[in-house]
Amino acid sequence: MPMYQPSKRDMVVGFEGGGDGQILDLDTAVKDGVLGGVDGGVVGTGVGEKLDLRKMIQELDLCEVPTVFICPISLEPMQDPVTLCTGQTYERNNILKWFNLGHFTCPTTMQELWDDSITPNTTLYRLIYTWFSQKYLLMKKRSEDVQGRASELVETLKKVKGQARVHALKELHHVVAVHATARKSVIDGGGVSVLSSLLGPFTSHAVGSEVIGILVSLTLDSESKKNLMQPAKISLMVDILNEGSIETKINCTRLIESLIEEKDFRSEIISSHSLLVGLMRLVKDKRHSNGICPGLSLLRTVCFYKEVKILLVSIGAVSQLVELLSGMEHECLELALCVLDSLSSIPEGRVALKDCVSTIPIMVRLLMRISESCTQYALSILWSVCKLAPEECSSIAVDAGLAAKLLLVIQSGCNPILKQQAAELLKLCSLNYSDTIFISKCKLTRTIQ
Amino acid sequence: MLCFVTENMGLLCSKSRRYNDANTEENAQAAEIERRIELETKAEKHIQKLLLLGAGESGKSTIFKQIKLLFQTGFDEAELKSYLPVIHANVYQTIKLLHDGSKEFAQNDVNFSKYVISDENKDIGEKLSEIGGRMDYPRLTKELAQEIESLWRDAAIQETYARGNELQVPDCTHYFMENLERLSDANYVPTKEDVLLARVRTTGVVEIQFSPVGENKKSGEVYRLFDVGGQRNERRKWIHLFEGVSAVIFCVAISEYDQTLFEDENKNRMMETKELFEWVLKQQCFEKTSFMLFLNKFDIFEKKIPDVPLNVCEWFKDYQPVSTGKQEVEHAYEFVKKKFEESYFQNTAPDSVDRVFKIYRTTALDQKVVKKTFKLVDETLRRRNLFEAGLL
């Protein structure tokens, strides 16, 4: 039975009430989890004030900071804690602002201050500083580890083949996905050209899909992009896009899109049946909806080129896209409409749009429903179709309620060009009807009449 | 008592007492056969069947031989020797073709003089032409080999060879002609390379069963490869027998865009291949079959492109060169590839668009290339199986 009981007054490890006098230095105290924040690892060597507290707080950007370190006013970690006469501590700038607004109370206790002095809380500052330093050093070390690992993997890839290559790639893919620092070290270590060289006509799917997954998360410079634009490599990307898992498909799509942005891009590389069919398949995929937007985004980019437009229409993309519109999310809708609008600029596209039964009703429905851009595209498509076969199409359109929608556009706050287009389309459609019939078709209220 | 009953039960069930023993033996045999059938049917299901298709001389049989060399025990001495008469036959056939061809050009061509065989070789030429026309060929002796060589070196024959695409000169010509000394040796045993180049028209169907041995030796995939003749014949009658194959490996010799058919000298070979390809794509029996397109003979294609523009072939008439040298070859290759892609999508029904379609660049004579290519084919088919089983 112990003769001396440690005081329970301070439920803090290391501080014993009474005269045992064990004084721990700050680093050890914090290391052993005084405030429950740091978990083992790095031994802080009482780092001098070299590390800037503000910088550390910013870089670490932690969510879980001990509450006693947080300023009650800003809810941010304190960099210059000061204590009022009530014993409450705040960030200096914040409490001064509070005073400048004319308040002389303690914000948390609501007490009137009997003393306007503010005392710098050096103890708390030291604790905050040490705690953040330890976290920071740990993060730096981990980051270096990661960077080292990434560089190691790039070196490994220069040498190994077969299964070892696939393993190295998988690990590198994981490392690069999680750590931004790893990405930088891959680029700096010449990793991009190593990875690029792994892509060729005899690259297996396993290797190719991992390489693409890594490349897509790196920022590639002009030289690398040009290198990747070789026909054999693009062919491989298209093949992998057609065969891979949904993540791989999306990666391929994004990578190809980033390459197209490069100047000197030869459009014949992307006017490929396989690519367009693959993208359409991605867009139509009911099981994986996260592929729709990337697929449409690339389609929109490639539709800039005339050969691609013709090719896209020839594979029946128009009707497929129109049918998909009803079930689409808003972001995707705008992209899809942009593609269709692009296709309406070629004669084959216009014909395909006209031949698709759902085009007109869906376009009419979409007017003034989603966004101004969507309305603009829908209007443009309707214009193309109605211009092609005015009598036939305008009657379908008017029956679908086009006139009322157009009037809405004209009356809305849209940009003037759009309103002008709406007016012209209205005029085109009304040509075939007598005034009374047309107005009845508009289903207008008395006042507007 | 019981055994008496069971014995007599047997007697009652069988037709005649005398044949009792024979019957049980028959029954046992029948049961054994049934069991074997069942086992084999089960095993069959796991065997992936591959069908080699393509026009004549597209390289199907070479691929077939390569697979045999790569994944089976290759050719043993007896098999290698069995090719000797074929190789000798090729030599006679080829020199006859060249000789007769030069005579034809000498008669009809504007620059006829360069196709006239020199006096010292004229008689040799006639003699060889006669031999080449026989049903059975004599053994290739040193004397005959020397005569063939001297004819081969004749300027007229070389000029004729330069226009070989207008005749039916096979691709192995140069190789065999340059190796005559070795081929005519008394103890000549054909090498692997010789066998790969030997040209014999495939009749009927040949098949081999093999397992690609990869890094993980227990890969377990078993393939059976079928090679059918390529010349025009009644394809439509037997093609449906191959329904259910895992993949069709369609071979195309991309170097033959300037050549005509063996069966019909007015028809361009590439056009024939295009028609065959489109015909095969539309066959109902292949609706769900994976298609592996082997664009073969790239090595010959590479050498031809600088001299013979692609547009000589009607299908490629809209081709426009952009540069020279290696870049141009790559550009030309991509053009051809795109044409086949276009053809594929134009001839595939919308609901079949999901079947696997991949294009590979091959040089069937290069074993390394065939091995690498086949590894990719294997990977694709395996992924397809996993996909169809819902595991991917």
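The values are calculated or read from the model by the stated rules, or taken from the named source; none is laboratory data. Because the structure is a prediction, the values reported are computed rather than measured. Note that each Cβ is placed from the backbone with ideal geometry, even for glycine, and that neighbours are counted across all protein chains shown. All accessible areas refer to the heavy atoms of the entire protein, side chains included, with ligands and DNA or RNA removed. Shrake-Rupley method; radii C 1.70, N 1.55, O 1.52, S 1.80 Å.
Worth a mention:
- Among the residues of segment A:189-205, at least one is within 14 Å of another protein chain (Cβ to nearest Cβ), part of a helix (DSSP H, G or I) and open to solvent by 10 Å² or more (accessible area, probe 1.4 Å).
- Number of the condition not met by residue B:339 [criteria: (1) among the charged types (D, E, K, R); (2) facing chain A (nearest Cβ under 10 Å); (3) open to solvent by less than 40 Å² (accessible area, probe 1.4 Å)]: (2)
- Selection of segment A:122-172 for residues being of a type in the set (Lys, Arg) and more than 14 Å from every other protein chain (Cβ to nearest Cβ) yields A:126, A:135, A:140, A:141, A:142, A:149, A:158, A:159, A:170.
- Pairs are defined by a Cβ separation below 7 Å, a sequence spacing of at least 6 or placement on different chains, a first member in segment B:237-252 that is over 26 Å from residue B:269 (Cα atoms), and a second member that is open to solvent by 10 Å² or more (accessible area, probe 1.4 Å) and not in a helix (DSSP H, G or I); the pairs so defined are B:245/B:49; B:246/B:48; B:246/B:49.
- Qualifying positions in segment A:88-120 - open to solvent by less than 40 Å² (accessible area, probe 1.4 Å) and closer than 19 Å to residue A:78 by Cα: A:89, A:90, A:91, A:94, A:95, A:99, A:106, A:107
- Restricted to segment B:347-357, and to residues there that are open to solvent by 30 Å² or more (accessible area, probe 1.4 Å) and charged (D, E, K, R), the residue that is nearest to the other protein chains (Cβ to nearest Cβ) is B:354.
- Residue within segment B:358-367 that is surrounded by 16 or more Cβ atoms within 10 Å (Cβ to Cβ), within 21 Å of residue A:244 (Cα to Cα) and among the small types (Gly, Ala, Ser) present: no
- Scan of segment A:137-162 for residues that are farther than 10 Å from residue A:185 by Cα, assigned to a helix (DSSP H, G or I) and not charged (D, E, K, R), ordered by number: A:137, A:138, A:139, A:143, A:153, A:156, A:157, A:162
- Residue in segment B:302-318 that is in a loop (DSSP other than H, G, I, E, B), within 12 Å of another protein chain (Cβ to nearest Cβ) and in contact (Cβ under 8 Å) with a residue 12 or more places away in the chain present: no
- Within segment A:233-278, the residues that satisfy the criterion of being among the polar types (S, T, N, Q), within 14 Å of chain B (Cβ to nearest Cβ) and in a helix (DSSP H, G or I) are A:235, A:242, A:248, A:267, A:274.
- Criterion (touching a strand residue (DSSP E or B) at 6+ places or on another chain (Cβ under 9 Å), more than 9 Å from chain A (Cβ to nearest Cβ) and either part of a helix (DSSP H, G or I) or under 18 Å from residue A:235 (Cα atoms) (or both)) met by exactly one of B:377, B:329, B:370: B:377
- Among residues of segment B:266-283, those that are part of a helix (DSSP H, G or I), over 21 Å from residue B:169 (Cα atoms) and of a type outside the set (Phe, Trp, Tyr), counted: 7
- Within segment B:204-222, the residues that satisfy the criterion of being over 30 Å from residue B:333 (Cα atoms) and modelled with pLDDT of 70 or more are B:204, B:205, B:206, B:207, B:208, B:209, B:210, B:211, B:221, B:222.
- On inspection, residue B:184 passes the criterion of being open to solvent by less than 70 Å² (accessible area, probe 1.4 Å), small (Gly, Ala, Ser) and modelled with pLDDT of 85 or more.
- The set of residues in segment A:359-392 being farther than 20 Å from residue A:408 by Cα, at pLDDT below 85 and of a type outside the set (Asp, Glu) consists of A:387, A:388, A:389, A:390.
- Condition check for residue B:297: crowded, with 18+ Cβ neighbours inside 10 Å, more than 11 Å from chain A (Cβ to nearest Cβ) and either among the acidic types (Asp, Glu) or on the phi > 0 side of the Ramachandran plot (or both): yes
- Annotation note: Cβ proximity below 9 Å between a residue of segment A:315-329 that is free of Cβ contacts under 8 Å to residues at least 60 places away in the same chain and a residue that is among the charged types (D, E, K, R) and in a loop (DSSP other than H, G, I, E, B) (sequence gap 6+ or interchain) occurs for A:327/A:286.
- With respect to being more than 20 Å from residue A:292 (Cα to Cα), at pLDDT below 90 and more than 14 Å from chain B (Cβ to nearest Cβ), residue A:221 fits the description.
- Scanning segment A:402-417 for residues that are open to solvent by 20 Å² or more (accessible area, probe 1.4 Å) and either outside any loop (DSSP other than H, G, I, E, B) or touching a residue at least 24 places away in the same chain (Cβ under 8 Å) (or both) turns up A:404, A:405, A:407, A:408, A:410, A:411, A:412, A:415, A:416, A:417.
- Filtered by the rule that a residue be within 17 Å of residue B:173 (Cβ to Cβ), loosely packed, with under 15 Cβ neighbours inside 10 Å and of a type in the set (A, V, I, L, M, F, W, C), segment B:132-156 gives a lone residue, B:155.
- Hey, residue B:124 surrounded by 14 or more Cβ atoms within 10 Å (Cβ to Cβ), more than 30 Å from the chain's Cα centre (by Cα), assigned to a helix (DSSP H, G or I) and not polar (S, T, N, Q) or not: yes
- Filtered residues of segment B:380-389 (kept if open to solvent by less than 60 Å² (accessible area, probe 1.4 Å) and away from chain A (no Cβ under 11 Å)): B:381
- Exclusive hit being surrounded by 17 or more Cβ atoms within 10 Å (Cβ to Cβ) and in contact with a strand residue (DSSP E or B) (Cβ under 9 Å, 6 or more places away or on another chain), set A:251, A:242: A:242
- Test for residue B:344: is it touching a residue at least 24 places away in the same chain (Cβ under 8 Å), within 14 Å of another protein chain (Cβ to nearest Cβ) and not β-branched (Val, Ile, Thr): yes
- Residue within segment A:135-144 that is among the aliphatic types (A, V, I, L, M), open to solvent by less than 40 Å² (accessible area, probe 1.4 Å) and modelled with pLDDT of 90 or more present: no
- Residue identified as within 25 Å of residue B:166 (Cβ to Cβ), open to solvent by 80 Å² or more (accessible area, probe 1.4 Å) and among the β-branched types (Val, Ile, Thr) among B:116, B:91, B:110: B:110
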